[in-house]
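Working notes, structure below.
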Amino acid sequence: MSIKKSRGKPGVFSGSARRQYSMSSNEAVPAYAHWGGLALRNSGKEAMTAFTGIKNWILDLMFPKFCVGCRSEGTFLCAACRAGLPSPAPSCPVCSRRNFTGILCDPCAEKTNLRRFLAPFPYSHPLVRELIHTYKYTGVRELAPLLADEISSYLHRYAIRPAEPACLIPIPLHRRRERERGFDQARLLARALSERLSLPIAAAVIRSRSTEQQARLDSHDARRRNVADAFRVIAPEAISGRTAILVDDVSTSGATLTEAARVLREAGARTVWAIVIAKG
């Protein structure tokens with residue numbers, strides 16, 4: 001197979017190519033993986049780790065990583081650009097009152113069905129927006145662990161830990177949208193978070209109908225109507241009596257999280273949190 005590098009902006013083609021030629025987590029590893037005369041027997045976790053390491057080395061060689069911010073080579077987010085990212089303290093997402101816990105004010109909680117809301121970054125920052133767009137629309141799936149690390153560090157910084165029993169619930173894409181995009185960004189982020197927070201993922205909610213992209217709608221009312229009755233709990237036993245933690249990439253109006261939290265509470269969740277990468 002002949003592969004030609006793009007002459008476009010560094011990083012953009014790299015992400016697209018890495019998405020196209022890298023193995024997804026759902027694909028099986030062959031019994032023997034040969035490269036450069038090396039044969040790896042598929043004997044469980046060690047073989048998977050070795051194969052993944054070789055695969056990533058080849059991808060880095062053919063499609064090097066570039067910092068989303070400054071385009072320096074070697075990583076998707078260099079230390080200098082990371083140091084420039086603002087990370088405001090947790091606050092109520094409705095009235096913006098800073099409280100260092102993410103717990104919603106009682107009057108605000110009644111409007112959203114959420115108990116806590118946590119977002120390490122503001123979506124208004126250009127580099128935060130570029131990171132999320134690169135992950136979500138360019139399809140650089142390797143950003144999921146980096147973003148999960150940022151969320152995990154944020155929770156640790158403010159000593160926030162959900163009361164057990166708790167589970168992560170990614171905001172689901174509709175099947176049609178997932179086919180178009182090629183992956184479900186919230187589910188991939190939840191998987192990375194699950195490893196870092198040692199919390200299970202509950203596949204308890206589906207998107208029961210297709211909706212317009214919230215980003216294309218101007219008003220809060222339009223976004224609220226767009227997702228009304230768009231979610232359905234299919235496994236109430238998985239969330240009954242638990243702290244259900246919704247996971248998504250961005251929250252702007254909060255309409256999606258509010259609607260998903262509503263069906264979770266009605267299905268028996270003890271309380272509902274929301275964790276996103278950025279708040280708009």
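The values are calculated or read from the model by the stated rules, or taken from the named source; none is laboratory data. Keep in mind the model is a prediction, meaning the values are calculated, not measured. Here the Cβ positions follow ideal geometry from the backbone for every residue, glycine too, while neighbour counts run over all protein chains shown.
The table for this structure:
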{"read-out": "Qualifying residue in segment 206-219 (condition: in contact with a helix residue (DSSP H, G or I) (Cβ under 8 Å, 6 or more places away or on another chain) and more than 26 Å from Thr138 (Cβ to Cβ))", "value": "no"}
{"read-out": "Test: residue in segment 111-125 that is part of a helix (DSSP H, G or I) and at pLDDT below 95", "value": "yes"}
{"read-out": "Matching residues in segment 65-83 - criterion: being loosely packed, with under 12 Cβ neighbours inside 10 Å and either polar (S, T, N, Q) or in a loop (DSSP other than H, G, I, E, B) (or both)", "value": "Gly74"}
{"read-out": "Test for Cys108: is it assigned to a helix (DSSP H, G or I), at pLDDT below 95 and closer than 22 Å to Arg265 by Cβ", "value": "yes"}
{"read-out": "Residues of segment 230-258 satisfying the condition of being acidic (Asp, Glu) and without any contact (Cβ under 8 Å) to a residue 60 or more places away in the chain", "value": "Glu237"}
{"read-out": "Filter result (assigned to a loop (DSSP other than H, G, I, E, B) and closer than 23 Å to Gln213 by Cβ) within segment 126-158", "value": "Tyr137, Thr138, Gly139, Val140, Arg141"}
{"read-out": "Residue satisfying condition, being closer than 26 Å to Phe231 by Cβ, in contact with a Gly (Cβ under 6 Å, 6 or more places away or on another chain) and basic (Lys, Arg), within set Arg116, Arg177, Arg141, Arg181", "value": "Arg116"}
{"read-out": "Residue that is farthest from Ile160 (Cα to Cα), among those in segment 236-271 that are in contact with a Ser or Thr (Cβ under 8 Å, 6 or more places away or on another chain) and of a type in the set (Gly, Ala, Ser)", "value": "Ala267"}
{"read-out": "Flag if Phe117 is touching a residue at least 24 places away in the same chain (Cβ under 8 Å), farther than 25 Å from Thr243 by Cβ and surrounded by 20 or more Cβ atoms within 10 Å (Cβ to Cβ)", "value": "no"}
{"read-out": "Yes/no for Glu150 being under 17 Å from Leu77 (Cβ atoms) and of a type in the set (D, E, K, R)", "value": "yes"}
{"read-out": "Residue count for segment 170-229, restricted to those that are β-branched (Val, Ile, Thr), without any contact (Cβ under 8 Å) to a residue 40 or more places away in the chain and part of a loop (DSSP other than H, G, I, E, B)", "value": "1"}
{"read-out": "Residues (aliphatic (A, V, I, L, M) and either in a helix (DSSP H, G or I) or out of contact with any strand residue (DSSP E or B) (no Cβ under 6 Å at 6 or more places or on another chain) (or both)) located in segment 258-280", "value": "Ala260, Ala261, Val263, Leu264"}
{"read-out": "Qualifying position, being surrounded by 14 or more Cβ atoms within 10 Å (Cβ to Cβ), in a loop (DSSP other than H, G, I, E, B) and either outside the structural domain of Thr252 (by TED's automatic domain parsing) or at pLDDT 60 or above (or both), among Ser25, Ser87", "value": "Ser87"}
